[in-house]
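The values are calculated or read from the model by the stated rules, or taken from the named source; none is laboratory data. This one's a predicted model, so the numbers in the text were calculated from it and none came from an experiment. Here the Cβ positions follow ideal geometry from the backbone for every residue, glycine too, while neighbour counts run over all protein chains shown. Just the protein is used for accessible areas: all its heavy atoms, side chains included, with ligands, DNA and RNA removed. Shrake-Rupley method; radii C 1.70, N 1.55, O 1.52, S 1.80 Å.
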Amino acid sequence: MLQTLKTYFGYDTFRPLQRDIIEHILDRKDAIVLMPTGGGKSICYQLPALLMEGTTVVVSPLISLMKDQVESLRANGISARALNSNNNDTENVMLRRECYQGKVKLLYISPERLLMELDFLLREIKVSLFAIDEAHCISQWGHDFRPEYTQLKVLREKFPQTPIVALTATADKITRQDIVKQLALKNPKTFISSFDRPNLSLDVRRGYQQKEKTRTILEFIFKRPNECGIVYCMSRDKTEKVAEMLIRHGVKATAYHAGLTPTARDKAQEDFINDRVQVVCATIAFGMGIDKSNVRWVIHYNMPKSIESFYQEIGRAGRDGVKSDTLLFYSLGDLVMLSKFAMDSGQQTVNLEKLNRMQQYAESDICRRRILLNYFGENMEHDCGNCDVCRNPPERFDGTIIVQKALSAIMRTEQQIGTRMLIAILRGNFIEGLAEKGYDKLKTFGVGRDIPQRDWQDYLLQMLNMGYFEIAYNESNHLKITPSGAKVLYGQEKAMMVVIKREEQETKAKGRGKKKETEEKALFKVPASVPVGEEDQMLFEELRVLRKRLADQQAIPAYIVLSDKTLHLLAIQRPTTLEEFGMVSGIGEYKKERYGKEFVEVIKQVLGK
Ligand code: ADP
Ligand code: ZN
């Protein structure tokens, strides 16, 4: 098993559970596998496929996913094929012949197509294993229900002896039971790996207004010049606006949402996969078909409606295990909007509760990863050190006077205003409708002038979360003081508020220092002056260029030629012979033969050897 892993995939060790799962499958037993995105599910059936006689049939819901998988297998010298509606007749004839000759180790197929091909599968090829990818699609309880998947029931009937493995990254207990029942799995063993993704950093920014978000996003992207990522937005309109803004600032960006034509959507997706655009600004419609392993960051322009959605969306970053960053913006406006959606959803209680949990995550002053893993029923014993709370624990101060100013303004308007008007009154700004209502005559008019608008946004969000006022969603979002707010207002209780830190200011300074350093390095560096064991950044960029060229020649995505992880390892280990090149993790026999020479050449050149 280990030798096959090294020869074909270039890895030296299995990840947790992979070996157990593979042994179980090789014993021809059914299994259900739960691993987070990027956990390494594919190898769990790809390796058995190589070791067993016959063809492994992989059921996959989307053509784009199949294409990606088949391409990466073929890039490792493994004979894989996809049978779907994209193929023409000649291709299909050839494919059938190859299958018949037992030349195809892995055959990817959509569920609809599988049913059409049952006779062919039964009579003409020896099926070693069925792997059902994205298996949660079979269940109405799962969040991507696909009716075609329910017809997979016939597999057990028609192939009583063939093992079936169902794989998914998202399935709660009910969904899991449903998968077992519908596929009629025989005494399946369930393998659940940890859902932690330690390589993803977590960061939340509260109460930012549009201008601040824009600046933060631009800084974030400029700090990562060649790294691609996704900006998730709540509305279609916003995806286009953010993409336009980025383009105006010279970033290669595009929008993606369900309102675009299929051609435009395919183009956006293809451009992203092939590194022709750096950023996709998308609604949640984007992602399911994306297996790109080197998405380096995910930004949420708005807060998602639940922790499940959030975790799935940030999970699209860093599948290759390389450090990746995530950033969530969280504002009052989002909360108002999402609450409205939840109330109108027909499943009010459940959806409000989910939103509530999401809000707790965004508001947390304990390690955010603990909250996430807890939500998925996993207990984490220590803080992660890779979230903003761990890096920068919140400090509190006595904010009673601030709270009193705000609540008093609400009181004096007879609780007939929303947050926008409240901030205008506090800051003494004449916005439309303010003078008409006589709010400029209030005693509180202008008493909060010393606090910038954006900080008021933040404080109000804190006050809402501490329960000092409520938003009456059914009364034009007017603010209503609660009993505990009244206690603070009348001086019976103190209000401890969180000190607002503007993190980007600090990191900006840090980032600048770093950039200067690399610039200097580039100018004055004697080749190979970077100690072995440290990454040579100049070399990394050269390797990236070579990788892109090789990818374009074959019309495949760059990450399929070599993953980011492998590219980083090359820049650290700097192999100068074919032998050494083949020892780097992620390089199997096939890639060694195919690319070794050119990469070694570039390494030698850059090192001046
Ligand atoms: P999933 O399907 O669970 O989202 P993948 O199967 O695509 O994840 O694997 C994610 C990444 O991890 C891939 O780049 C894969 O090559 C890599 N990987 C899988 N198993 C190993 C391993 N044993 N050692 C190193 N890398 C691995
Ligand atoms: Zn943490």
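Does at least one position in the stretch 277-296 carry a residue that is among the aliphatic types (A, V, I, L, M), assigned to a loop (DSSP other than H, G, I, E, B) and at pLDDT 95 or above?
yes
Of all the residues that make up the stretch 565-580, how many are under 31 Å from the mean Cα position of the chain (by Cα) and within 14 Å of Gly10 (Cβ to Cβ)?
6
If we keep just the residues of the stretch 550-609 that are touching a Phe, Trp or Tyr at 6+ places or on another chain (Cβ under 6 Å) and of a type in the set (A, V, I, L, M), which is farthest from Asn226 (Cα to Cα)?
Val600
Check Leu442, Leu460 and return the single one that is more than 16 Å from ligand 2 (Cβ to nearest atom), modelled with pLDDT of 90 or more and open to solvent by 30 Å² or more (accessible area, probe 1.4 Å).
On inspection, the qualifying residue turns out to be Leu442.
Out of the residues in the stretch 181-203 that are buried (at least 16 other Cβ atoms within 10 Å of the Cβ) and within 16 Å of ligand 2 (Cβ to nearest atom), which is farthest from Gly321 (Cα to Cα)?
Of everything passing the filter in the stretch 181-203, Asp203 is farthest from Gly321 (Cα to Cα).
Looking at the structure I just gave you, is Leu51 over 24 Å from the mean Cα position of the chain (by Cα) and at pLDDT 95 or above?
So Leu51 passes the test.
Just checking, which of Cys228, Cys233 is in contact with an Asp or Glu (Cβ under 7 Å, 6 or more places away or on another chain) and either aliphatic (A, V, I, L, M) or away from ligand 2 (no atom under 16 Å from the Cβ) (or both)?
Unique residue meeting the criteria: Cys228.
Need a quick list: helices (runs of 4 or more DSSP H) entirely within the stretch 308-398 having at least 3 residues that are more than 26 Å from Val295 (Cα to Cα) and open to solvent by 50 Å² or more (accessible area, probe 1.4 Å).
Output list reads 332-343, 348-363.
The rows are residues; the columns are (1) outside any loop (DSSP other than H, G, I, E, B); (2) open to solvent by 40 Å² or more (accessible area, probe 1.4 Å); (3) away from ligand 1 (no atom under 11 Å from the Cβ).
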| residue | (1), (2), (3) |
| --- | --- |
| Arg15 | no, yes, no |
| Pro36 | no, no, no |
| Gly39 | no, no, no |
| Cys44 | yes, no, no |
| Leu50 | yes, no, yes |
| Pro61 | no, no, yes |
| Lys67 | yes, yes, yes |
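Can you tell me how many residues within the stretch 370-389 are away from ligand 1 (no atom under 16 Å from the Cβ) and either modelled with pLDDT of 95 or more or in contact with a helix residue (DSSP H, G or I) (Cβ under 8 Å, 6 or more places away or on another chain) (or both)?
Residues in the stretch 370-389 being away from ligand 1 (no atom under 16 Å from the Cβ) and either modelled with pLDDT of 95 or more or in contact with a helix residue (DSSP H, G or I) (Cβ under 8 Å, 6 or more places away or on another chain) (or both): 12 in total.
Quick one: how many residues across the stretch 255-270 are open to solvent by less than 20 Å² (accessible area, probe 1.4 Å) and in a helix (DSSP H, G or I)?
1
Scan the stretch 322-337 residue by residue and report those that are touching a residue at least 40 places away in the same chain (Cβ under 8 Å) and within 22 Å of Gln462 (Cβ to Cβ).
Leu327, Leu328, Phe329, Tyr330, Ser331, Leu332, Asp334, Leu335, Val336, Met337
Give the residues of the stretch 465-476 that are under 15 Å from Met411 (Cα atoms) and open to solvent by 40 Å² or more (accessible area, probe 1.4 Å), sorted by residue number.
Glu470
Inside the stretch 584-600, can you point out the residues that are in a helix (DSSP H, G or I) and either touching a Lys or Arg at 6+ places or on another chain (Cβ under 8 Å) or closer than 18 Å to Asp536 by Cβ (or both)?
Glu598, Phe599, Val600
List, please: which pairs have Cβ atoms under 6 Å, are six or more places apart or on different chains, and start with a residue in the stretch 386-405 that is closer than 26 Å to Leu327 by Cβ and end with one that is away from ligand 1 (no atom under 16 Å from the Cβ) and open to solvent by 30 Å² or more (accessible area, probe 1.4 Å)?
Once the first residue is closer than 26 Å to Leu327 by Cβ and sits in the stretch 386-405, its partners that are away from ligand 1 (no atom under 16 Å from the Cβ) and open to solvent by 30 Å² or more (accessible area, probe 1.4 Å) give Cys390/Asp383; Cys390/Cys384; Pro394/Asp365; Glu395/Val499; Arg396/Met496; Phe397/Val499.
How many residues does the stretch 232-252 hold that are in contact (Cβ under 8 Å) with a residue 40 or more places away in the chain and either surrounded by fewer than 17 Cβ atoms within 10 Å (Cβ to Cβ) or not aliphatic (A, V, I, L, M) (or both)?
Result for the stretch 232-252: 7.
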